[in-house]
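Data block below; observations after.
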Amino acid sequence: MKRRVLNIKKAILKVLKKEKELSLKALEIKVNTGSQTLQTQIEELKFFGVVEIIKHSKSEKTGRPYTTIKLTKKAEELTN
């Protein structure tokens, strides 16, 4: 059964509210959705100013670039 887009967005916001900032991979696992779906929803949430996408130049563990997602102040105010 497919999940509705709204439910995926709610799950993303709920996880980010609890965890503060997560990598795309960790968020994908916690929300239990595919990477393409997650990226599409993150881009839409970014458009509305709810999340911030942070690109890091390299990981201390692997030395590879990675991306993290966190809620904006606007979103934190809305979710309280």
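Every read-out reported here was derived from the displayed coordinates using simple, explicitly stated rules and does not represent laboratory data. Just so you know, these numbers come straight off a predicted model, no measurement behind them. Here the Cβ is made from the backbone with ideal geometry for all residues, glycine too, and neighbour counts use every protein chain on show.
Filter the stretch 54-80 for residues that are on the phi > 0 side of the Ramachandran plot and assigned to a helix (DSSP H, G or I) and give the result.
Passing the criteria: none in range.
What number of residues in the stretch 28-48 are surrounded by 12 or more Cβ atoms within 10 Å (Cβ to Cβ) and either part of a loop (DSSP other than H, G, I, E, B) or in contact with a strand residue (DSSP E or B) (Cβ under 8 Å, 6 or more places away or on another chain) (or both)?
Total meeting the criteria: 5.
Within the stretch 1-22, count every residue that is touching a residue at least 12 places away in the same chain (Cβ under 8 Å) and either touching a Leu at 6+ places or on another chain (Cβ under 9 Å) or not in a helix (DSSP H, G or I) (or both).
Residues meeting the conditions: 11.
Within the stretch 49-80, restricting attention to residues that are farther than 16 Å from Ser23 by Cβ and not hydrophobic (A, V, I, L, M, F, W, C), which residue is surrounded by the fewest Cβ atoms within 10 Å (Cβ to Cβ)?
Asn80
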